[in-house]
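Working notes, structure below.
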Amino acid sequence: MSKPFPSDEPFLRGYYAPLNAECDAPNLQVAGELPRELFGTLYRNGPNPQFAPRGPYHWFAGDGMLHAFHLENGRASYRNRWVRTPKWELEHAEGEGMSAAFGNPRLSDPRIVALRSTVANTNVVWHAGRLLALEEAHAPFEVDPETLAPKGYQTFDGQLAGPMTAHPKIDPVTGEMVFFSYAARGPFSADMMLHVADSEGRLLRSEHFMAPFASMVHDFVVTRSHIIFPIFPLTGSMERAMKGLPPYAWEPDRGTHIGIMPRGGSVAELRWFTGDPCYVFHPMNAFDDADGSVVCDMVKYDVAPLFPRPDGSPTGARSPDAKLVRWRFDLAGDSNGFRETPLDDRPAEFPRLDERRSMLPYRHGYLNSTPGLATARAEGQRWGLSHIDLHGGDVVSWQPEAGDACGEPVFVPRSAGAAEGDGWLLSVIWRGAENRSDLAVFDATDLAAGPVALAHLSHRVPAGFHGNWRDGGTLAFG
Ligand SMILES: [Fe+2]
């Protein structure tokens, strides 16, 4: 039987509470004018558990649900669907939750453990004519871009044996997709893999290497000439998991290790730089600077959020904040350290850019941000949007009403040939007081002016993770 969700779990309440329904909405009400240039679909993914979990819930462990907003000729349509993964299908058939967070084998039904299923809840990426729902512990799960119906795992003709990061990097010049796997040869192993697929989705190369220790490697960065693997001390341990202790935990004594290799070389050329303990879920971008150094712009936490110490105790009285910093690695020097400079002092997350400048020197970055620590705390949940001009450092912000929250900003260029940063910024905003969401469209060159158009949903898009824009296409409505 389907049990109620635990009432004391903050990541199952309010903005985070899962939807229990799927819908098709061919004509959303629109306030303002949707730009006619916007023709395509914004896909957004996030955790939306179908059933109450066994044991404690973790926000990262809920079943993925896709939200698709299609914009064309000034009109907006919408469809949401759970990603029908093997886990989702089995639990759906049984009518109850059978899985613990991260598939913890101590608490999960053996049939769930045997499935080794993705929850496909973290990102959704369009590459080589395929729409991939991604979650970092498993292979990508392909869905139909129009109906969001399942198409099964994408294993690159059986060549991808292990998991794939939810944050692949697509080269805007070549169309190549560079990605990696961690825990590549078994849960909580320090084995990693580098993979590259060409613009047609054919896997070109796969190379194995060992990280300094097993950890949660959520994201990485790539430049035109280098691949950068950041390893932070958010360690993974099967031994802890089997004892009922946290599978992932903050162990700052292990330090930060950044591996950099030439993109045209091999993993044997990885050079490891070390730094103070910290955690980065999301880099904004990285590039090769004219002086030969590698520059990485990172949204950095001093202490990993959302995870405890190895004994299960919290790392602090409140969840830590992250800020945008720039790391510079001097590849010509012989130091194994790196230099950090702050770029902005606002608490921030979900950094994005005009992805035509991905892997390249760039000027414009976009983030979710709060107006400042004290104000944000005083007003409760209130995540807005910021635009940072990295030439000079000016930041322009827009904040929604108190109690509202903006999701990850996604940039869409005004046209293929438009200058960097000339385009639209899309964000799904939760209206706290009304408990429903809007798709907001901003002019990315004038964020402070507020949205130029809002497409209204009558329900909430729960707090989620990442999304991407696909040019053109349609959502098929019968
Ligand atoms: Fe992420």
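The values are calculated or read from the model by the stated rules, or taken from the named source; none is laboratory data. Quick caveat: nothing in here was measured; it's all calculated off a predicted structure. All Cβ positions, even for glycine, are placed from backbone atoms using ideal geometry, and neighbour counts span all protein chains on display. Note: areas computed on protein heavy atoms with side chains; ligands, DNA, RNA excluded. Shrake-Rupley method; radii C 1.70, N 1.55, O 1.52, S 1.80 Å.
Tabulated results
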{"quantity": "Considering residues of the range 164-198 that are in a strand (DSSP E or B) and within 15 Å of the ligand (Cβ to nearest atom) only, the residue surrounded by the fewest Cβ atoms within 10 Å (Cβ to Cβ)", "calculated": "169"}
{"quantity": "Members of the range 435-451 found to be in a helix (DSSP H, G or I) and loosely packed, with under 15 Cβ neighbours inside 10 Å, listed by number", "calculated": "448, 449"}
{"quantity": "Where residue 272 falls short, out of the listed (1) within 24 Å of the chain's Cα centre (by Cα); (2) under 19 Å from residue 329 (Cα atoms); (3) away from the ligand (no atom under 16 Å from the Cβ); (4) not polar (S, T, N, Q)", "calculated": "(1)"}
{"quantity": "Residue 366, sole failed condition from (1) at pLDDT below 95; (2) over 28 Å from residue 309 (Cα atoms); (3) not in a loop (DSSP other than H, G, I, E, B)", "calculated": "(1)"}
{"quantity": "The lone exception for residue 233 - which of (1) more than 20 Å from residue 333 (Cβ to Cβ); (2) touching a Gly at 6+ places or on another chain (Cβ under 7 Å); (3) open to solvent by 10 Å² or more (accessible area, probe 1.4 Å) it fails", "calculated": "(3)"}
{"quantity": "Residue satisfying all of: in the range 246-271; free of Cβ contacts under 8 Å to residues at least 40 places away in the same chain and of a type in the set (D, E, K, R); farthest from residue 232 (Cα to Cα) among these", "calculated": "269"}
{"quantity": "Matching residues, the range 130-163, being of a type in the set (A, V, I, L, M), in contact with a Leu (Cβ under 8 Å, 6 or more places away or on another chain) and within 16 Å of the ligand (Cβ to nearest atom)", "calculated": "133"}
{"quantity": "Single unsatisfied condition, residue 51 versus (1) touching a helix residue (DSSP H, G or I) at 6+ places or on another chain (Cβ under 7 Å); (2) part of a helix (DSSP H, G or I); (3) of a type in the set (A, V, I, L, M, F, W, C); (4) modelled with pLDDT of 95 or more", "calculated": "(2)"}
{"quantity": "Residues within the range 102-129 that are within 16 Å of the ligand (Cβ to nearest atom) and either in a loop (DSSP other than H, G, I, E, B) or at pLDDT 95 or above (or both), tallied", "calculated": "8"}
{"quantity": "Pair list, Cβ < 6 Å and 6+ apart or interchain, from the range 318-341 residues that are within 17 Å of residue 291 (Cα to Cα) to residues that are open to solvent by 70 Å² or more (accessible area, probe 1.4 Å)", "calculated": "327/340; 328/339"}
{"quantity": "Per-region count, the range 72-93, residues over 22 Å from residue 137 (Cβ atoms) and free of Cβ contacts under 8 Å to residues at least 40 places away in the same chain", "calculated": "2"}
{"quantity": "Identity of the residue in the range 199-230, within 16 Å of the ligand (Cβ to nearest atom) and in contact with a Leu (Cβ under 8 Å, 6 or more places away or on another chain), that ends up farthest from residue 251 (Cα to Cα)", "calculated": "229"}
{"quantity": "Cβ-Cβ under 8 Å pairs, at least 6 apart or on other chains, the range 452-478 side aromatic (Phe, Trp, Tyr) and at pLDDT below 95, far side more than 16 Å from the ligand (Cβ to nearest atom) and open to solvent by 40 Å² or more (accessible area, probe 1.4 Å)", "calculated": "477/24; 477/26"}
{"quantity": "Tally, over the range 1-31, of residues that are closer than 17 Å to residue 77 by Cβ and in contact with a Pro (Cβ under 9 Å, 6 or more places away or on another chain)", "calculated": "1"}
{"quantity": "Positions within the range 410-434 being outside any loop (DSSP other than H, G, I, E, B) and modelled with pLDDT under 95, in sequence order", "calculated": "none"}
{"quantity": "Residue that is farthest from the ligand (Cβ to nearest atom), among those in the range 333-356 that are open to solvent by 50 Å² or more (accessible area, probe 1.4 Å) and within 19 Å of residue 470 (Cβ to Cβ)", "calculated": "356"}
{"quantity": "Members of the range 277-311 that are closer than 21 Å to residue 227 by Cα and surrounded by fewer than 17 Cβ atoms within 10 Å (Cβ to Cβ)", "calculated": "289, 290, 291, 292"}
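Okay, residues lined up against (1) open to solvent by less than 60 Å² (accessible area, probe 1.4 Å); (2) not in a loop (DSSP other than H, G, I, E, B):
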{"site": "1", "(1), (2)": "no, no"}
{"site": "5", "(1), (2)": "no, no"}
{"site": "8", "(1), (2)": "no, no"}
{"site": "11", "(1), (2)": "yes, yes"}
{"site": "19", "(1), (2)": "yes, no"}
{"site": "27", "(1), (2)": "no, no"}
{"site": "30", "(1), (2)": "yes, yes"}
{"site": "38", "(1), (2)": "yes, no"}
{"site": "42", "(1), (2)": "yes, yes"}
